[in-house]
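The values are calculated or read from the model by the stated rules, or taken from the named source; none is laboratory data. Quick caveat: nothing in here was measured; it's all calculated off a predicted structure. Glycine gets a Cβ as well: all are built from the backbone with ideal geometry, and neighbour counts include every protein chain shown.
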Amino acid sequence: MQNHARGGISSPVPVLPIGKLSPPDEHLTRMAEARALKTIDKIAVLRKTGLFGNLNDELLRKIGSLASTRQLTRGQVLFSEHEEGSGLYVVAEGEFRSVRQDVEGREQVLSTERPGAVLALAPVFNGGKFYSTMVADVASEVLCIQTRDVHELCQQHAELLWNVARVMSHRVRHYAELIETLALRNVDQRLARYLFIIARERGIQVEAGCLVELTLTRAEIASRVGSAREVVSRALAHLQKEALIEMQGRRLVTIPDMHRLATFAGVERQLAAAKLPPDLSSEFA
């Protein structure tokens, strides 16, 4: 895992002088410069969160004035599980994965965090180190609020404490479901659950069923289902043998029967919430 930027809340990394660039490098640099020039609407970002979204305009402006911003490139570490917590973060743009590592460097992905997510809330209140390592999967931007500022806000505005309780309750439920999945389901079922979830999020309806694109490598999928790359490859082959999925190359998967896959994975209750968008992701196109 790369570790370009670690630690608590800090200012954005400055752009260093650059010399002659190849066309791809120049394109990436121009994109970074464009992001640096853009000013995010802190109030709009806070409104998207479960923690701050229902607060009045005056209080949101106050919180926005306390928040600094930080930009990260793909692979940068926002904070590490080995560091002391120093504040909370709100995802404004991009996507992060929350991971824990063992002594051999293998990682288990605990969650994927997108715009509107509030990160590192637990150490703000119980002290100690960050619970996990947060890595940017794409170019991302966050708002940062110091621990002492969060404490003062909660002391002055009791409604914020109710929001904290609600957000933490959702997080406890998420981790309880993750523990159940890892402890009580085999790799085939865990992989089927992962495929069902991504199909629900970004699959498209085709004549043969639901078509979904695998944007992650086999190793990255393994870190999300608590397994190894070779085991995931075997599990994909087994799901195909059981006619639960149909592979088209390495990246496209067709699910002939979403209900049958959900039943196999043990997530039937989530089937009613399934939504299929109209097209494939722009990354594949």
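Suppose we filter Leu178, Leu160 for residues that are out of contact with any helix residue (DSSP H, G or I) (no Cβ under 9 Å at 6 or more places or on another chain), in the same structural domain as Leu121 (by TED's automatic domain parsing) and surrounded by 15 or more Cβ atoms within 10 Å (Cβ to Cβ); which single one remains? Full working, then the answer.
Numbers: Leu160 fails: out of contact with any helix residue (DSSP H, G or I) (no Cβ under 9 Å at 6 or more places or on another chain).
Result: Leu178 is the single residue among Leu178, Leu160 that is out of contact with any helix residue (DSSP H, G or I) (no Cβ under 9 Å at 6 or more places or on another chain), in the same structural domain as Leu121 (by TED's automatic domain parsing) and surrounded by 15 or more Cβ atoms within 10 Å (Cβ to Cβ).
For every residue, the table says whether it meets (1) over 24 Å from the mean Cα position of the chain (by Cα); (2) hydrophobic (A, V, I, L, M, F, W, C).
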residue: Gln155; (1), (2): yes, no
residue: Val164; (1), (2): no, yes
residue: Arg171; (1), (2): no, no
residue: Glu177; (1), (2): no, no
residue: Glu180; (1), (2): no, no
residue: Arg185; (1), (2): no, no
residue: Asp188; (1), (2): no, no
residue: Ile198; (1), (2): no, yes
residue: Glu207; (1), (2): yes, no
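Going by what's in this entry, would Arg106 be described as touching a Leu at 6+ places or on another chain (Cβ under 9 Å), under 20 Å from Ser223 (Cα atoms) and at pLDDT below 95?
Numbers: touching a Leu at 6+ places or on another chain (Cβ under 9 Å): no; under 20 Å from Ser223 (Cα atoms): yes; at pLDDT below 95: yes.
For Arg106, the condition - touching a Leu at 6+ places or on another chain (Cβ under 9 Å), under 20 Å from Ser223 (Cα atoms) and at pLDDT below 95 - is not met.
Taking the stretch 116-134 as the range and being within 17 Å of Glu152 (Cβ to Cβ) and part of a loop (DSSP other than H, G, I, E, B) as the test, only Gly127 passes. Restricting to the stretch 209-250, what's the tally of residues that are exposed (fewer than 14 other Cβ atoms within 10 Å of the Cβ), over 20 Å from Leu182 (Cα atoms) and not polar (S, T, N, Q)? So the count comes out to 6.
Count, please, the residues in the stretch 51-86 that happen to be among the small types (Gly, Ala, Ser) and assigned to a strand (DSSP E or B).
The initial filter retains those residues of the stretch 51-86 that are among the small types (Gly, Ala, Ser), namely 53, 64-65, 67-68, 75, 80, 85-86.
The next check asks that each one be assigned to a strand (DSSP E or B); those that pass are 68.
Summing the residues that are among the small types (Gly, Ala, Ser) and assigned to a strand (DSSP E or B) in the stretch 51-86 gives 1.
Looking only at the stretch 190-207, count every residue that is part of a helix (DSSP H, G or I) and either of a type in the set (Asp, Glu) or not assigned by TED's automatic domain parsing to the domain that holds Thr254 (or both) and tell me the total. Residues in the stretch 190-207 being part of a helix (DSSP H, G or I) and either of a type in the set (Asp, Glu) or not assigned by TED's automatic domain parsing to the domain that holds Thr254 (or both): 1 in total.
Can you confirm whether Glu104 is loosely packed, with under 13 Cβ neighbours inside 10 Å and in a helix (DSSP H, G or I)? Judged against the criteria, Glu104 is not a match.
So that you can scan it fast, the table gives a plain yes or no per residue for (1) touching a Ser or Thr at 6+ places or on another chain (Cβ under 7 Å); (2) modelled with pLDDT under 90:
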| position | (1), (2) |
| --- | --- |
| Val164 | no, no |
| Val167 | no, no |
| Arg171 | no, yes |
| His174 | yes, yes |
| Glu180 | no, yes |
| Val187 | yes, no |
| Arg200 | no, no |
| Leu211 | yes, no |
